[in-house]
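Everything below concerns the one structure shown next.
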Amino acid sequence: MNLKNMLVTAGIAALLGLAGNKVMAQNNGGGGGGGGFRNMSPEERQQRMMGLIRDQMSVTNDDEWKVIEQRVQKVMDARRDAGPPGGMGRLFGRRGNNNGDNGPGGGGGRGGFFGGTPMPELEALNNAIDNKAPAEQIKAAMDKYRAARKAKEAALEKAQQDLKSVLTVKQEAAALSLGLVN
């Protein structure tokens, strides 16, 4: 399941990259100049991405799109909250070093994935590891983190099922190819 989540997350990241390329191509008009996806507000990026998803799903009816868009957003929120499997921030400078600094950039890896909320259970597990806590305390932290991940994965699966329940076969195929559903 963890590998599948990583692959789906990579698919969404690729979608964001494609959205950025299309927006930059449109904004640049084929000529020089900057701008594009990077200069958009988060709301503009979100709107652009939803527009691209709508196009991929070939939804032309606004009322139909309102229903689908809400469910797409719930899937994206649940995926962001579930994050990648594990706290990959530990690999990139998040090691504690007994002086209150958490490595390069101070606190690297403490935020959530793609703007998601950091999981307190992961923080507790990382703190237990960093502080060389007794094995029993680390085991308890692992159990809490695993339970929290399972709950977030269950919320993601429910959001995906809710989305699939309103899609046609072709729309579901597009959602599958975009990494929105399994």
Worksheet item: Over 20 Å between Cα atoms, which of K74/K152; K74/K158; K144/K164; K132/K152; K66/K164; K74/K164 qualify?
Response: K144/K164; K132/K152
Response to the item:
Between the modelled labels at V166 and K132 (7 Å from Cα along Cα→Cβ) the distance in nm is 5.4 nm
Worksheet item: Between N182 and E44, what length comes free when the chain is fully extended (0.36 nm per residue of separation minus the Cα-Cα distance, one decimal in nm)?
Response: 47.0 nm
Worksheet item: For A140 and D77, what does the FRET efficiency come to when R0 = 30 Å and r is the distance between their Cβ atoms, rounded to the nearest 0.05?
Response: 0.55
Worksheet item: Can you give the extra length, in nm with one decimal, that the chain gains between A154 and D55 once fully stretched, where that is 0.36 nm per residue apart less the Cα-Cα distance?
Response: 32.8 nm
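Readers should treat all values here as calculations from the given coordinates under stated rules, not as data from a laboratory. Nothing here was measured: the structure is a model prediction, and the numbers come from that model. As a convention, Cβ positions derive from the backbone with ideal geometry for all residues, glycine included, and neighbour counts pool all protein chains shown.
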